[in-house]
Amino acid sequence: MTRTSVRSRGTVRSLALSALVLGLAAGCGADSGSDEAPAVEGPGASEQEDASTTADDDTASDDGASDDGAASDDGGEAPAAGAAAPPEDADLATEQPPITAEKAVEIGLGAAGGGEPVQIEIDHDDDVWEWELEIVDGGRQHDLDIDATSGEVIEHDQDDDDDQDPAVDVTSPMPYAEAFEIALGKEPGRVSGWDLSSDDGRIHYTIDIDRSGGGDVEVEVDVETGEVRVDD
């Protein structure tokens, strides 16, 4: 019995020691885990978070640049060539070609390299609405034909010119829309073409009108006085 009792105590001690060892091992494991946790929150983690934030910001910046670029492309002006040309029988008092008179003058001055317009005319020729401009730059005259739909310079001739014709302006002192109103008040009909030029120093519009009852007429409107003269 004594021997048996001693063996039991030895067994109990062994179990106790084993439990102690396991407890210490478990404590060490817990301590190891707690040591690793602060390492995640340390400077290294901060650098990783900064790098991640920077990468996210760069991605957002790239996306924004891409969006801006797309918006810029979409927001650009459509080419004049894509616009529809008015029909041959268009009424220029109510329908304008894609290239307006103002734009035609701008194109003409660019092609001539400067100068002053002394005549501006629009008519329908060879199935195309055309602007015909005379621009004088010093002693040089430029005659230009410009497609009123696309803005293309169809023809550009140059010659010496010593004439002192006054410069004309489709916006001042009388815009062409006002000249149309005055002319149509005198001769109702369809504006089929018009011209702004000078005669003996007097600047005037010459407006071609197809009468509603048949026939056509030219109506001159003085840009300074508004005086009207009808030429049958």
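The values are calculated or read from the model by the stated rules, or taken from the named source; none is laboratory data. Just so it is clear, the structure is predicted and the values come from calculations on it, not from any experiment. A quick note on method: Cβ atoms are made from the backbone with ideal geometry, for glycine too, and the neighbour counts reach across all protein chains shown. For the accessible areas, the whole protein counts, side chains as well, though only heavy atoms, and no ligand, DNA or RNA atoms are used. Shrake-Rupley method; radii C 1.70, N 1.55, O 1.52, S 1.80 Å.
General remarks:
- Residue check, residue 223 modelled with pLDDT of 95 or more and in contact with a Pro (Cβ under 6 Å, 6 or more places away or on another chain): yes
- The criterion of at least 1 residues that are under 19 Å from residue 174 (Cα atoms) is met, among strands (runs of 3 or more DSSP E) falling completely within region 96-160, by 116-125, 128-137.
- Pairs, first touching a residue at least 60 places away in the same chain (Cβ under 8 Å) and more than 23 Å from residue 159 (Cα to Cα) in region 120-138, second surrounded by fewer than 19 Cβ atoms within 10 Å (Cβ to Cβ) and among the hydrophobic types (A, V, I, L, M, F, W, C), C-beta under 9 Å, six or more apart: 124/90
- You will find that of 161, 232, the residue that is among the charged types (D, E, K, R), more than 33 Å from the chain's Cα centre (by Cα), at pLDDT below 95 and open to solvent by less than 20 Å² (accessible area, probe 1.4 Å) is 161 and no other.
- Residues of region 125-138 satisfying the condition of being of a type outside the set (Phe, Trp, Tyr) and either open to solvent by less than 40 Å² (accessible area, probe 1.4 Å) or at pLDDT 95 or above (or both): 130, 132, 133, 134, 135, 136
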